[in-house]
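Asker: Structure below; questions to follow.
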Amino acid sequence: MIDRPNWVAAEAARLGVGMPIVVDTDRSVSDAYGLLGQHGHGDAPSHSFAVVRQSGQLAWVRHYVEMFVPADQFFADLPT
């Protein structure tokens with residue numbers, strides 16, 4: 001299941017995330033960046049997060065096995 005864009009936007013606002021977030025409802029972005037099929041999820045995105053530069057290049061990617069990643073862990077994993 002892919003989270004609804006309005007829920008993601010509300011959570012981002014609640015957590016103070018100011019960068020744009022893409023909710024890939026049709027999987028085209030995940031496919032373009034090779035994020036599909038991680039951890040046995042076939043053609044679905046797993047619990048993957050990516051930071052993409054304005055140029056379109058991946059700056060950081062993390063695939064989580066866990067269904068839920070606490071916000072503090074996720075933010076600690078982000079590069080500074």
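The values are calculated or read from the model by the stated rules, or taken from the named source; none is laboratory data. Quick caveat, the model's predicted, so the values are computed rather than measured. With ideal geometry, Cβ positions are generated from the backbone for all residues, glycine too; neighbour counts draw on all protein chains shown. Ligands, DNA and RNA are excluded from the accessible area calculation, which covers all protein heavy atoms including side chains. Shrake-Rupley method; radii C 1.70, N 1.55, O 1.52, S 1.80 Å.
Asker: Give all pairs with beta carbons closer than 6 Å in which a residue from the range 55-80 that is part of a loop (DSSP other than H, G, I, E, B) meets a residue that is modelled with pLDDT under 90; count only pairs at least 6 apart in sequence or on separate chains.
Answerer: Taking only residues 6 or more apart or on different chains, the pairs are VAL65/HIS39.
Asker: When the residues of the range 23-48 are narrowed to those that are hydrophobic (A, V, I, L, M, F, W, C) and modelled with pLDDT of 85 or more, which ends up most open to solvent (accessible area, probe 1.4 Å)?
Answerer: ALA32
Asker: Quick one: would you say ILE2 is out of contact with any strand residue (DSSP E or B) (no Cβ under 6 Å at 6 or more places or on another chain), modelled with pLDDT of 85 or more, β-branched (Val, Ile, Thr) and surrounded by 10 or more Cβ atoms within 10 Å (Cβ to Cβ)?
Answerer: So ILE2 fails the test.
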